[in-house]
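The values are calculated or read from the model by the stated rules, or taken from the named source; none is laboratory data. Source: prediction; values computed, not measured. Because the Cβ atoms are built from the backbone with ideal geometry, glycine has one as well, and the counts that use them run over all protein chains shown. Remember, those area values only see protein heavy atoms, side chains included, never the ligands or the DNA or RNA. Shrake-Rupley method; radii C 1.70, N 1.55, O 1.52, S 1.80 Å.
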Amino acid sequence: MHVARRFSILAFFFTISLCAGLSLSRRKLGELLMQNSILSILISRTKVLAATDEFQSAGYGVEEYTNSIVASRDTNISPKEVYDTILKLQKKGGTRALDVGAGAGVSTQVLWELGYRDIDALDWSGEAWRENVENKGYCPPTVHFYELDDERFLKQWKSSGAEKYDVVAFNFAVNPNKALLFCKEVVKDNGILLAPINAQTDYWMKQTYKLLDSKGNILWSANDVGAWSVQFQPDVTQDTCQGIWCSQFNGFTKLKEN
């Protein structure tokens, strides 16, 4: 018998026995029985909440194929091809994931649905996360959001001595050297990293989607995903960043090296 149900039944008979022993009035007996009914309802609702304790972003389901809202400033939602690609990642054991450039948390939810439960998500701006996850969605206690760019996060992660990740997913364009750095620094020996990597260093107009192992070896790559020619917003931490996503337009301040 389920623990909650058994507890409810025991509480019911305890109430009856108590009432009989104290010779309580019919009215008082009714009040106590009502309290027991409320207790049963609360137990039932707790069971339902526990069963639906899933990560949820309000932005999930809003994404569209090759749409003009590509990582927009308002929603931080990429084309659906991005999430389709993440969904193809084969989980090889482990539950720890790093979502870099999480935006509205859609990529975080995709990682959650793949079975990753210990997730660190980060973005230099937390506006989209607060709107879509904290205010309109749900974030389980095993998912942690950091309002940091990847350089600041990496510095903080190193000093904390935290565990490496089974999978790392970038949601913005990066230069090859950054992809290799993260492979070697934060990816477990049997882990993987997915990133849109510039075809040429500092050329932000075209990327190749690449799946890398912890040593930076290419496991899979694609210049196009479906009808979408892979192109992401540029890495805001780079001095060569061009366009509205960059510091001169959005107020981002780069980490100063000591």
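A few notes on this one:
- Criterion: touching a strand residue (DSSP E or B) at 6+ places or on another chain (Cβ under 9 Å) and at pLDDT below 90 - qualifying residue of A222, A227: A222
- Note on the range 150-203: residues that are surrounded by 23 or more Cβ atoms within 10 Å (Cβ to Cβ), more than 19 Å from T108 (Cα to Cα) and either at pLDDT below 95 or among the polar types (S, T, N, Q) (or both) total 1.
- Condition broken by G94, with the remaining ones in (1) within 19 Å of N250 (Cβ to Cβ); (2) more than 15 Å from the chain's Cα centre (by Cα); (3) modelled with pLDDT of 75 or more satisfied: (1)
- Filtered by the rule that a residue be hydroxyl-bearing (S, T, Y) and assigned to a loop (DSSP other than H, G, I, E, B), the range 200-258 gives T201, Y203, S214, T237, T240, T253.
- Some residue of the range 132-151 being within 16 Å of V100 (Cα to Cα), of a type in the set (F, W, Y) and in a helix (DSSP H, G or I): no
- The range 93-111, residues that are closer than 19 Å to C183 by Cβ and open to solvent by 10 Å² or more (accessible area, probe 1.4 Å): G93, G94, R96, G101
Okay, residues lined up against (1) over 19 Å from F55 (Cα atoms); (2) touching a Lys or Arg at 6+ places or on another chain (Cβ under 9 Å); (3) not β-branched (V, I, T):
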residue	(1), (2), (3)
D99	no, no, yes
P141	no, no, yes
D150	yes, yes, yes
G161	yes, no, yes
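- Extreme residue, farthest from E134 (Cα to Cα), among residues of the range 53-91 that are modelled with pLDDT under 60 and among the polar types (S, T, N, Q): T66
- Filtering the range 201-243 to residues that are more than 27 Å from S125 (Cβ to Cβ) and of a type in the set (S, T, N, Q) leaves S214, N217, S221, N223.
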